[in-house]
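Peer 1: My questions will all concern the structure given below.
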Protein chains: 2
Amino acid sequence: MKLVKKYIHGFVSEESLRTMKTQTEAAAGLLHSRTGPGNEFLGWLDLPVSYDKDELERIKNAAERIKKNSDVLIVIGIGGSYLGARAAIEFLKSPLYNNLKKDTPDIYYAGNGISPEYLNELLEICEGRNISVNVISKSGTTTEPALAFRVFKKLLEKKYGADGARSRIYCTTDKVKGTLKELADEKGYETFAIADDIGGRYSVLTAVGLLPIAVSGCDVSEIMRGAAVAMEELKAPFEQNDCYQYAALRNILYRCGKHTEIMVSYDPAFVLMAEWYKQLFGESEGKENKGIFPAAVNFSADLHSMGQYIQEGLRIIFETVIDIKKPKTDFFLEDDPENLDSLNFLTGQNMSEVNRKAFEGTVLAHSQGGVPNIVLELEDRSEYSFGYMVYFFEKACAVSGYILGVNPFNQPGVEAYKNNMFALLNKPGYEKQREELLKRL
Amino acid sequence: MKLVKKYIHGFVSEESLRTMKTQTEAAAGLLHSRTGPGNEFLGWLDLPVSYDKDELERIKNAAERIKKNSDVLIVIGIGGSYLGARAAIEFLKSPLYNNLKKDTPDIYYAGNGISPEYLNELLEICEGRNISVNVISKSGTTTEPALAFRVFKKLLEKKYGADGARSRIYCTTDKVKGTLKELADEKGYETFAIADDIGGRYSVLTAVGLLPIAVSGCDVSEIMRGAAVAMEELKAPFEQNDCYQYAALRNILYRCGKHTEIMVSYDPAFVLMAEWYKQLFGESEGKENKGIFPAAVNFSADLHSMGQYIQEGLRIIFETVIDIKKPKTDFFLEDDPENLDSLNFLTGQNMSEVNRKAFEGTVLAHSQGGVPNIVLELEDRSEYSFGYMVYFFEKACAVSGYILGVNPFNQPGVEAYKNNMFALLNKPGYEKQREELLKRL
């Protein structure tokens with residue numbers, strides 16, 4: 001991951017960036033000294049070297065079993081227990097993963113919402129196919145995944161019997177306590193750990209993300225290798241540290257009133273990664289009435305939807321563009337002798353070259369239109385690059401949050417809707433709140 | 001579509017809304033008198049009654065042929081020539097449409113980007129399957145769809161011969177002129193019209209959207225019936241007109257500094273509709289350095305990603321929540337005698353009821369947290385409701401744009417990236433611009 005700064009000229013001066021050195025390094029210092037707010041959630045910081053090697057082997061073995069005996073893996077989880085794995089699989093494999101012919105199972109996500117239609121359709125898709133389930137929940141009592149797990153556990157027990165179901169249910173949960181851990185121990189399900197010191201949105205490089213990713217046929221060791229290299233490289237001083245400079249730039253732009261960041265890519269495989277980015281940064285920074293509003297687009301498609309706004313709308317935005325240098329596959333554009341559509345000016349080259357010109361043309365157009373463009377170059381869509389990128393963003397987010405002056409590791413605001421929902425659902429203990437809410441409805 | 005205003009109390013007073021009556025009706029007057037800026041693009045305004053009935057029959061017939069002879073329909077188009085159909089099919093059928101067993105063809109979208117990987121994967125998916133192609137482009141020279149059409153035309157000709165390909169290629173294009181129209185006439189492809197007076201983002205109720213939608217098995221006449229009812233009802237005076245009031249409310253909130261609108265739904269089937277909304281409003285309003293920034297979330301999934309920001313982040317946002325009253329299917333939650341996860345407090349009812357409590361709880365939490373919530377009630381996910389909703393948003397967008405003081409029907413900013421891209425790709429005629437751009441890269 002390499003930061004390209006030339007398309008922020010005219011918006012951010014070199015001097016202004018240099019001025020941020022002290023507070024950025026101070027923020028990084030808070031992180032590394034483990035003395036900042038939220039320091040009980042820093043397990044991700046040295047995870048790329050300190051992770052449980054035996055568990056990684058168990059993950060690989062479980063993935064092999066699932067690949068052998070299943071047509072479909074159902075991943076049950078919400079938020080951080082869902083988005084990272086899905087983003088990784090779409091990025092490393094394809095957004096069309098489930099539609100392509102392959103020798104790995106289809107992977108579907110359940111328990112990340114409360115739509116009955118979606119659940120019914122998943123059950124329909126599972127009909128007549130061999131299924132495994134990976135349920136991911138620290139407590140086991142989060143409404144959405146717990147509801148879905150009830151349904152799929154019953155389905156598996158009906159289809160395979162209690163013993164058969166046991167060999168097809170994998171629980172990623174708290175190491176020692178909680179409803180799901182207890183159930184898993186009682187029933188004999190294999191378990192993987194959700195660490196106490198790694199929050200959901202920082203968990204993709206743990207068993208939470210790695211088991212589904214391994215089932216899709218990715219090399220999870222390579223992911224960890226990329227993250228480990230990032231961990232070392234991104235300790236460099238400010239001047240040589242693209243991660244710190246990215247964190248600083250975001251805050252400079254925020255303070256100029258550019259309080260919406262649009263994550264841009266030119267590959268549909270990045271769409272879910274951008275959702276992961278929105279979760280990571282939005283949940284980390286959006287508190288105490290501040291924080292950059294995270295948004296995302298996929299070009300060139302969205303140049304024909306959000307493109308107009310970005311070019312000429314309210315000047316409250318900046319873009320961060322992921323530039324993937326090497327495509328996974330390419331497509332050579334041959335000349336068409338007829339040339340009725342007058343497109344021969346772009347033939348005789350690979351399609352990725354045309355995509356690159358769209359990227360360059362757009363960055364120039366948008367920056368000229370008043371939108372600072374930060375470019376982050378990524379080598380390719382390999383496991384190694386993915387691991388590097390994840391660590392880069394995780395650290396950038398933590399440092400950026402400390403610069404902003406918030407605890408980047410909590411999410412106090414997520415409880416509000418849950419409490420209201422419980423009260424409205426007549427959950428015992430919420431009677432008083434229920435009365436108040438009913439008056440407001 | 002019914003507007004619920006109670007969750008904007010405390011942000012917008014009844015008086016403030018009443019004050020907007022004159023300028024809102026004036027904006028609507030500009031529209032209906034066809035005297036406002038962009039009045040050459042008002043074909044959508046009476047489309048629900050004035051549409052070409054013979055063409056609709058041809059659309060239905062073509063859809064029947066495609067359903068009979070194809071396993072896959074490839075829809076080639078970008079922007080307005082892509083998003084509406086996809087949004088409709090996901091909303092009316094399912095976001096998992098291509099993964100479900102069904103008696104209608106899979107539908108994939110090409111030419112909406114320049115990713116070689118995505119194109120290669122589509123070609124892989126087509127292998128060994130019967131294909132039809134619907135290419136949608138007014139001129140036939142827009143880079144992305146024209147490139148994709150070259151590829152799929154060649155594929156079909158190779159697979160079926162020139163005659164076979166002819167019967168499988170459907171062109172939605174200009175009625176009389178342009179590259180694609182000429183090619184279609186020469187080769188004998190069936191054509192459908194893109195009207196001169198309906199812009200891309202307003203085109204889903206024309207052949208642009210209706211042919212793919214009909215192929216998915218939807219009743220397109222019902223869609224037009226819904227739109228026609230909306231067209232009549234939404235001429236009512238301000239006090240009885242939810243569409244006008246929605247347009248007014250957006251502008252009130254924008255003027256209070258709530259310049260980001262988040263479109264919210266609780267059904268994954270709405271995700272692409274929200275993208276359609278972003279295109280419609282973003283491209284219509286984002287100009288002259290103003291306009292509401294359109295964003296979208298899908299709850300409850302995104303309560304665990306963007307939820308924290310919405311609850312407690314920068315107070316620049318308001319939410320517009322689509323409340324679909326009747327689910328397409330439901331799922332009864334049975335008691336679990338073990339109740340290890342303590343979820344029995346929400347059993348003995350349908351899952352849609354739990355989803356509704358999540359909706360109510362969230363609206364209360366977010367509005368209490370400082371985010372005005374506009375609720376739009378929609379009866380169900382039927383074709384009729386879809387047609388009504390599309391017309392509602394189209395008209396709200398036009399009126400809102402006029403209130404804001406922009407031409408809601410042009411998109412001057414979309415040319416900037418195209419011109420740069422052409423110059424960088426050595427397109428003849430762009431030599432001078434190319435030199436300047438190369439200096440900036």
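Peer 1: Over segment B:77-152, what relative contact order in percent results from Cα pairs under 8 Å that are six or more residues apart?
Peer 2: In percent, rounded to a whole number, it is 41.
Peer 1: Right, another one. Under the definition of Cα pairs under 8 Å and six or more residues apart, what whole-number percent is the relative contact order of chain A?
Peer 2: Numbers: 722 pairs, mean separation 99.8, N = 441.
Relative contact order of chain A: 23 percent.
Peer 1: Hey, for B:Gln433 with labels 7 Å out along Cα-Cβ, what do the inter-copy distances come to in nm, ordered shortest first?
Peer 2: B:Gln433 label point versus its equivalents elsewhere: 5.6 nm.
Peer 1: P(r) for the protein assembly as shown, please, calculated from all Cα pair distances in 10 Å bins and given in %.
Peer 2: Calculated P(r), rounded to whole percents: 2, 13, 23, 27, 22, 11, 3, 0.
Peer 1: Same structure, new question: Label-point separation (nm) for A:Asp380 and B:Asn344, each offset 7 Å from Cα along Cα-to-Cβ?
Peer 2: Using points 7 Å along Cα→Cβ, the separation is 5.6 nm.
Peer 1: Right, next: Using a 1.4 Å probe on the protein heavy atoms only, what accessible surface does A:Lys21 show? Give it in Å² to the nearest 10.
Peer 2: Surface open to solvent at A:Lys21 totals about 60 Å².
Peer 1: Check which residues have an amide H placed less than 5 Å from A:Phe192's amide H, if you skip close sequence neighbours.
Peer 2: Distant-sequence amide H within range of A:Phe192: A:Cys171, A:Thr172, A:Thr173.
Peer 1: Here's another thing I want to ask about it. Treating the point 7 Å from Cα along Cα-beta-carbon as the label, what are the nm separations from B:Gly29 to the other copies, to one decimal?
Peer 2: Relative to the other copies, B:Gly29 has label-point distances of 6.5 nm.
Peer 1: What's the FRET efficiency of B:His32 with B:Glu222 using the Cβ-Cβ distance as r and R₀ = 45 Å, to the nearest 0.05?
Peer 2: With a Förster radius of 45 Å, E is 0.95.
Peer 1: To continue, here is another question. Relative to the Cα centre, what is the charge dipole magnitude of segment A:47-218, using +1 at the beta carbon of each Lys and Arg, -1 at the beta carbon of each Asp and Glu, and rounding to the nearest 20 debye? Let's see the in-between values first.
Peer 2: Numbers: 24 positive and 23 negative charges, 50 e Å.
Roughly 240 debye, rounded to the nearest 20.
Peer 1: Additional query: With point charges of +1 on the Cβ of Lys and Arg and -1 on the Cβ of Asp and Glu, referenced to the Cα centre of segment A:260-389, which listed residue (A:Leu333, A:Ser284, A:Gly348) lies farthest in the positive direction of the dipole?
Peer 2: Of the candidates, A:Ser284 comes out farthest on the positive side.
Peer 1: Then there's this: Near the amide H of B:Val321, under 5 Å away, which other amide H atoms are found, from residues 5 or more places off or on another chain, if H is placed in the peptide plane?
Peer 2: Excluding prolines and chain starts, which carry no amide H, the hits are B:Val264, B:Ile374, B:Val375, B:Leu376.
Peer 1: What nm distances, shortest first, do you get from the label point of A:Arg166 to those in the other copies when the point sits 7 angstrom along Cα to Cβ?
Peer 2: Result for A:Arg166, in nm, nearest copy first: 6.7.
Peer 1: Considering only the other residues whose Cβ falls under 15 Å of the Cβ of A:Lys432, what net charge follows from Lys and Arg at +1 and Asp and Glu at -1?
Peer 2: +1
Peer 1: On to the next question. Just how large is the dipole of segment B:209-251 about the Cα centre, in debye to the nearest 20, putting +1 at every Lys and Arg Cβ and -1 at every Asp and Glu Cβ?
Peer 2: Roughly 160 debye, rounded to the nearest 20.
Peer 1: Please list, in order along segment A:293-303, the HN-Hα scalar couplings obtained from phi with the Karplus expression 6.51 cos²θ - 1.76 cosθ + 1.60 (θ = phi - 60°), rounded to whole Hz, x for Gly and Pro.
Peer 2: Karplus-based 3J(HN,Hα) across segment A:293-303 equals 7, x, 9, 8, 9, 10, 9, 7, 3, 7, 4 Hz.
Peer 1: Please work out the Kirkwood hydrodynamic radius for segment B:252-337, using every pair of different C-alpha atoms, and report it in angstroms with one decimal place.
Peer 2: Averaging 1/r across every pair of different Cα atoms and inverting gives 14.6 Å.
Peer 1: Give me the distance between the Cα centres of segment B:191-240 and segment B:267-307, rounded to whole Å.
Peer 2: 21 Å
Peer 1: How big is the charge dipole of the protein assembly as shown about its Cα centre, in debye rounded to the nearest 20, if each Lys and Arg gets +1 on its Cβ and each Asp and Glu gets -1 on its Cβ? Provide the component values of the computation, followed by the final result.
Peer 2: Working: 104 positive and 122 negative charges, 118 e Å.
Once rounded to the nearest 20, the dipole reads 560 debye.
Peer 1: Using 7 Å Cα-to-Cβ label points, what is the A:Glu57/A:Arg440 separation (nm, one decimal)?
Peer 2: Taking the two extended label points, one gets 5.4 nm.
Peer 1: Would you mind counting up the charge near B:Arg150? Only other residues with Cβ under 9 Å from its Cβ, with Lys and Arg at +1 and Asp and Glu at -1.
Peer 2: Net of charged neighbours comes to -1.
Peer 1: Continuing with the same structure: Mind ranking B:56-67, A:264-275 by how tightly packed they are, going by the mean number of other C-beta atoms within 10 angstrom, highest first? Don't jump to the answer; show the numbers that get you there.
Peer 2: Details: B:56-67: 17.5, A:264-275: 23.8.
Ranking, from highest mean packing down: A:264-275, B:56-67.
Peer 1: Closest approach to the A-B rotation axis by any Cβ of A: residue and distance in angstrom?
Peer 2: Per the A/B rotation axis, the closest residue of A reads A:Ala295, 3.
Peer 1: What does the helix-only formula give at 222 nm for the protein assembly as shown: each DSSP H stretch with n ≥ 4 adding -39500 (n - 2.57), the total divided by the residues, and the result rounded to the nearest 500 deg cm²/dmol? Write out the running numbers ahead of the final one.
Peer 2: Working: 34 runs with 424 residues, N = 882.
Helix contribution divided over all residues of the protein assembly as shown: -15000 deg cm²/dmol.
Peer 1: Do you know the relative contact order of segment B:197-295, to the nearest whole percent, from alpha carbon pairs under 8 angstrom that are 6+ apart? Please report the intermediate quantities before stating the final value.
Peer 2: Details: 55 pairs, mean separation 21.3, N = 99.
Contact order relative to length: 22 percent.
Peer 1: Still on this structure, I have one more. What are the DSSP H helices in chain B that stretch 30 Å or more along their long axis, judged by alpha-carbon atoms, and whose average Kyte-Doolittle hydropathy comes to at least 0.0? Don't skip to the answer; put the middle values down first.
Peer 2: Values: long enough: B:383-404 (31 Å, 0.66).
Span-like helices in chain B: B:383-404.
Peer 1: Can you find, among B:Thr143, B:Ser70, B:Pro95, the residue farthest towards the positive end of the dipole of segment B:47-218? Put +1 on the C-beta of Lys and Arg, -1 on that of Asp and Glu.
Peer 2: Selected residue: B:Ser70.
Peer 1: Non-local amide H neighbours of B:Val75 (under 5 Å, H modeled in plane, Pro and chain starts lacking H): which ones?
Peer 2: B:Tyr108, B:Tyr109, B:Ala110, B:Asn134
Peer 1: Along the charge dipole of chain B, which of B:Ala195, B:Pro212, B:Val390 sits closest to the positive end, that is, farthest toward it, with unit charges on the beta carbon of Lys, Arg, Asp and Glu (+1, +1, -1, -1)?
Peer 2: Going by the Cα projections, it comes out as B:Ala195.
Peer 1: Can you tell me the mean projection area, over all orientations, of the convex hull of segment B:332-440's alpha carbons? Units nm², please.
Peer 2: Value for segment B:332-440: 15.1 nm².
Peer 1: Counting partner chain Cβ atoms within 10 Å of every residue's Cβ in B:275-282, what's the average?
Peer 2: Mean number of neighbouring Cβ atoms from other chains: 4.
Peer 1: Add +1 for every Lys or Arg and -1 for every Asp or Glu among the other residues with Cβ under 13 Å from the Cβ of A:Leu378, and state the total.
Peer 2: Summing Lys and Arg as +1 and Asp and Glu as -1 gives -2.
Peer 1: How much of the pair distance distribution for segment A:191-246 lies past 17 Å, counting alpha-carbon pairs only, in percent?
Peer 2: In whole percent, the long-distance tail amounts to 53.
Peer 1: If you wrap a convex hull around the C-alpha atoms of segment A:47-218 and split its volume per residue, what is the figure in Å³?
Peer 2: It is 107 Å³ per residue.
Peer 1: Continuing with the same structure: Which value, in nm² and rounded to one decimal, describes the direction-averaged projected area of the C-alpha convex hull of chain A?
Peer 2: One quarter of the hull surface, i.e. the mean projection, equals 24.5 nm².
Peer 1: Test of understanding: extend the Cα→C-beta vector of B:Ser16 to 7 Å, then name every residue of segment B:288-316 with backbone N under 16 Å from that spot.
Peer 2: Counting only backbone N, you get B:315-316.
The values are calculated or read from the model by the stated rules, or taken from the named source; none is laboratory data. Note that the structure is a prediction, hence the values are computed from the model and not measured. Neighbour counts are summed over all protein chains in view; Cβ atoms, including those assigned to glycine, are modelled from backbone coordinates with ideal geometry. Only protein heavy atoms, including side chains, enter the accessible area calculation; ligands, DNA and RNA are left aside. Shrake-Rupley method; radii C 1.70, N 1.55, O 1.52, S 1.80 Å.
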